[in-house]
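In what follows, a structure is listed as structure tokens, so that the remarks can point back to it.
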Amino acid sequence: MKAWTVDTFIEAIMEVRKAQSDERLENTTARELYEAISAVVNQEISQNWSKTKESYARKKPKQIYYLSMEFLIGTLLKSNLLHHNLLDISNEAIMQLGFDPDEIYRQEHDPGLGNGGLGRLAACFLDSMASLRYPGHGYGIRYRYGLFEQRMINGYQTELPDYWLENPYPWETRKKEEAIEIAFGGEVHMHKRTNGKLEFTYTNTEKILAVPYDIPVVGYQNKVVNTLRLWSAEPTTTEDELKSEAYYYQLEHQHSFEQISGFLYPDDSSIEGKQLRLKQQYFLVAASLKNIIRDYKKTIRHSLKFLPEQVVIQINDTHPSLAIPELVRILVDEEGFGWNEAWRITTRVFAYTNHTIMSEALEKWPVDMIKKFLPRLYMIIEEINERFCQGIWFDHPELRGKIPDMAVIADNQIHMARLAIIGSFSVNGVAKLHTEILKTREMKDFCSLYPHRFNNKTNGISHRRWLVMINPRLSNLISETISPLWINRPRELTHLLRHTNEPSILEKLDQIKQQNKEELANFIHKLTGILVDEKSIFDVQIKRLHEYKRQLLNIFHVIYLYNELKDNPHLDITPRTFIFAAKAAPSYYFAKEVIKLINTVATVVNGDKSLQGKLKVVFLENYNVSLAEKIIPAADLSEQISTAGKEASGTGNMKMMMNGALTIGTLDGANIEIKNLINRSNIFIFGLKAEEVYDYYHNGEYRANEVYQNDERIHQILDQLKDGLVGNQEFKDICFHILSTNDPYFTLKDFDAYVETQQLVDQAYRNRKKWLAKSLINIAHSGKFSSDHTIQEYATGIWKIKKM
Ligand code: 26V
């Protein structure tokens, strides 16, 4: 590798520019400069990429493939520069060329190929696998349209298409020659061969080409480059066919097939049994498996019998779980294995991660739909189900009564989580509480059947992106204080604990947070016109909008404070800026109403001079990775207030902790593990515990209406919603919904504890030194939540793979 200087970097940029056009540099636009720098970085990457591939081909390590319908990788120029140790040089070069570095990095469109936590986790995992030198790769779909762009019109969410490929995307390479043909539908025919074995052939299938686009996954300053392979759907037609008469009549139909990679489904709250979504899942699974087996045959040259020694496939939620019957199909129909051996191989290859216990999001497919589109796969699923149920009947009589709750096919539906559990050697949850709930409640029967399969892998985040890259000031302070070794060993952030009483460090921490807040305040002003008090508490809740995440609780607290201040303008509260960002699924009416409510409260509060600037409410539109990167370094308070037992893990909680925010949260998901590490005095915990929530569900003793009748504050707020007293806009539906459903997420129940705990936050913030010490303690313990740690646990606990 070249030892770069600012001068040689600029020279390289010029060279690229010259090759691209004969324009002089003076006329370069920001976009062109972005492209030129990306090209320089790509030159650096490409050598390491081929070398990494060569080394895998030579050493033949066991490979891990992460199958996911979603990857939220964020923009790549800055992180690739960082991973090549070129970020400072690039910044300097850009400035010497007369540009603002941020303006250049902003040119990259954030690929929104995911909904939220699950997709972002996949991206952090790829980063950690490459940085830890593990041979791990991602397989996903190259949606032509990512998650919708959110625009606010009159305070309502509207959705616009996210055409992220408008400009050429510099990080992908199309590999037409490695395309794979996939067949859907048709009829299955069974024949007996002379050797007595059954043979299956298909007629009238519809064919589609899966064309790979590869994106490099660059390890942190270690020369490793792994691959994220995204499949794009294209017609199988050859050049000649394209000109034929027959093709003309197929055009309409071909077009519909290309839709398979047309767009990402935006509903992460509940499943809708959409045909196209099923096709997308099979498309991902079929293409990836063929690819994995093709590579295996090329490098290993052994029978597929040994596949489990060479390959682990981690399936990210149930979305890719059709891979299980698909592998059985390949082994039995195409490779001539008997059922038992095919099943033995399959169940040693797959590992499944569960990311939610929200029953609406547990995938089920109507039997008829699978039968129609995947007739052979349906036969295999039936066989899997048959054998599974028989196995229970004969070998586990104690579970006989549970068969209807465990069968893969039940109520005319295919239960994907059950299929995933039965077909995998490992089933993991994503935080301790979540795994416990899976083991003792949601998947209790399966856990008694396969106790050794169940395990926990608490989520993590890439500290390189979520601290080093987005918060260079803090990152530098840490490096100056404890040496930069922590970047490769994030657990060593705990060395900061020696400095929690050092005034000079705390002062610097204070300044850094202040600068970050000023930057965010400017950004907010530019974007929304709202002026926020840079000294106020930046109270942040950023995540998808869901009832269980309880953005409603947060806005109720705002309304409560507003009411208090209206009663008593001299009330002594610490000024606060409430910052929200959230997308709602387009068909999720309640969630959209909550967005409108937040915006309405914002208009009222921000426009009320009598509050003397003590409260401001900001809703930032179009939440995505890039926006998160702007907000997180400036957060003082991290809102993690889901109903206990509902948030599988959360990862935003880790990101804000790592950037020195204090958490106000329930005992849910990874909040519990955060609390256990940093101690209760450094986090604000409130509300019902998961057990209490379950007890209420069980005994039915909770009465939301009683809270409404007895708590004046809540009574007032709900009446204000009903009667349109907040901003002359009615929110009857929210009020009615919450009371008529008996408040299933305990928003009213937890309100009192929440308000009380927010008062503790208010008090604590006044003691600057103490607050800063707590902030530093949070940062010091956040290394435990680096995804490096998580991946290390997957590698040793599930994958049994070694570093290269
Ligand atoms: C659900 C569905 C339902 C069917 C339609 C497509 C679709 C796409 C996404 C999802 C979301 C599933 C679960 C999910 O994102 N869970 C989140 O995973 C995070 C990473 O493990 C975790 O931190 C969050 O707590 C959890 O909500």
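The values are calculated or read from the model by the stated rules, or taken from the named source; none is laboratory data. This is a predicted model, so every value here is computed, not measured. Reconstructed Cβ throughout: ideal geometry from the backbone, glycine too, with neighbour counts over all protein chains shown. Note: areas computed on protein heavy atoms with side chains; ligands, DNA, RNA excluded. Shrake-Rupley method; radii C 1.70, N 1.55, O 1.52, S 1.80 Å.
For the reader, a short list of remarks on this structure follows.
- Considering residues of the range 656-697 that are open to solvent by 20 Å² or more (accessible area, probe 1.4 Å) and closer than 14 Å to L776 by Cα only, the residue nearest to the ligand (Cβ to nearest atom): L677
- Filter result for F394 (of a type outside the set (D, E, K, R), open to solvent by less than 70 Å² (accessible area, probe 1.4 Å) and more than 16 Å from the ligand (Cβ to nearest atom)): no
- Counted residues, the range 315-337 - those being touching a Leu at 6+ places or on another chain (Cβ under 7 Å) and either within 16 Å of the ligand (Cβ to nearest atom) or open to solvent by less than 10 Å² (accessible area, probe 1.4 Å) (or both): 13
- Among residues of the range 338-372, those that are surrounded by 21 or more Cβ atoms within 10 Å (Cβ to Cβ), within 16 Å of the ligand (Cβ to nearest atom) and hydroxyl-bearing (S, T, Y), counted: 3
- Criterion violated by E621 - all others in (1) open to solvent by 10 Å² or more (accessible area, probe 1.4 Å); (2) touching a Ser or Thr at 6+ places or on another chain (Cβ under 7 Å); (3) of a type outside the set (G, A, S); (4) not in a helix (DSSP H, G or I) satisfied: (2)
- Residue-level check: of (1) assigned to a loop (DSSP other than H, G, I, E, B); (2) under 22 Å from Q43 (Cα atoms); (3) within 15 Å of the ligand (Cβ to nearest atom), L113 misses just (2).
- Among the conditions (1) at pLDDT below 95; (2) closer than 20 Å to G429 by Cα, the only one that F350 does not satisfy is (1).
- For the range 1-109, the helices (runs of 4 or more DSSP H) that sit wholly inside it and include 3 or more residues that are open to solvent by 50 Å² or more (accessible area, probe 1.4 Å) are 6-20, 30-59, 87-96.
- Those residues of the range 519-574 which are part of a loop (DSSP other than H, G, I, E, B) and within 16 Å of the ligand (Cβ to nearest atom), in sequence order: K543, R544, L545, H546, E547, Y548, K549, R550
- Of all residues in the range 117-149, exactly one satisfies the criterion of being of a type in the set (S, T, N, Q) and either within 16 Å of the ligand (Cβ to nearest atom) or under 15 Å from Y65 (Cβ atoms) (or both), namely S128.
- Residue selected from the range 728-775 under the condition among the polar types (S, T, N, Q) and at pLDDT below 95, by the criterion least open to solvent (accessible area, probe 1.4 Å): Q729
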